[in-house]
Amino acid sequence: IAQGEANLLIVGPGRSGKTLLTSALLSEISSAERVTTIEEIPEFVGSAINVEQLVSRPADDGRGVSVSDLFQIALKRSARRLIVSELKNEEASHFLHALEVGFRGCVASSYGEYSEDGLWRLLD
C-alpha cells in the first residue's frame, strides 16, 4: 500500500474488522499523496495530511448527496487514491470505472462471507 500500485478489495462479514484494516492501511500512505475517502458514515481514521473526506448525506432534508454522487465528485478532484468504505449497488461500477481511468493504490471494502462472494458482488 505504501508504494501505491496495488488496488485492494477487503471482503468480510459484518463486524469482522474491514474498517479497522482500511484505517490501518490509510495510515501507511505517504502524507505527500492526495487521498479521497468516500463514506456513508465517517469512520476512517488516518494520519495522512492530504486526506479529503467525502461523506454522503441522506435526502431527507432535500439536499441529499449519495455515495454515487461522491464518486462523480472524487473523479473530478486531483486525488491520486480512493478509499471507499463499502461497495454496494452502483458504487461498485463507479469504483471499477475509477480503476479504469487510472487510479492506483485504491482500497475498498465489501460485505461477504468469503472472498469469492465479495468479487461476485463487485462484478454484479
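The values are calculated or read from the model by the stated rules, or taken from the named source; none is laboratory data. Because the structure is a prediction, the values reported are computed rather than measured. Cβ sites come from the backbone with ideal geometry, for glycine too, and all protein chains shown count toward neighbours. Just the protein is used for accessible areas: all its heavy atoms, side chains included, with ligands, DNA and RNA removed. Shrake-Rupley method; radii C 1.70, N 1.55, O 1.52, S 1.80 Å.
Residues in region 73-83 that are under 24 Å from Gly118 (Cβ atoms) and part of a helix (DSSP H, G or I): Ala74, Leu75. Taking the numbered list (1) open to solvent by 40 Å² or more (accessible area, probe 1.4 Å); (2) at pLDDT below 90 in turn, Val55 passes all entries but (2). Only one of the numbered conditions (1) within 18 Å of Ile1 (Cβ to Cβ); (2) of a type in the set (D, E, K, R); (3) open to solvent by 80 Å² or more (accessible area, probe 1.4 Å) is not met by Glu116, and that is (1).
Looking across region 84-113, not a single residue is among the polar types (S, T, N, Q), part of a loop (DSSP other than H, G, I, E, B) and open to solvent by less than 10 Å² (accessible area, probe 1.4 Å).
For region 7-42, the candidate set comprises residues that are out of contact with any strand residue (DSSP E or B) (no Cβ under 8 Å at 6 or more places or on another chain) and at pLDDT 90 or above; within that set, the residue that is surrounded by the fewest Cβ atoms within 10 Å (Cβ to Cβ) is Arg15.
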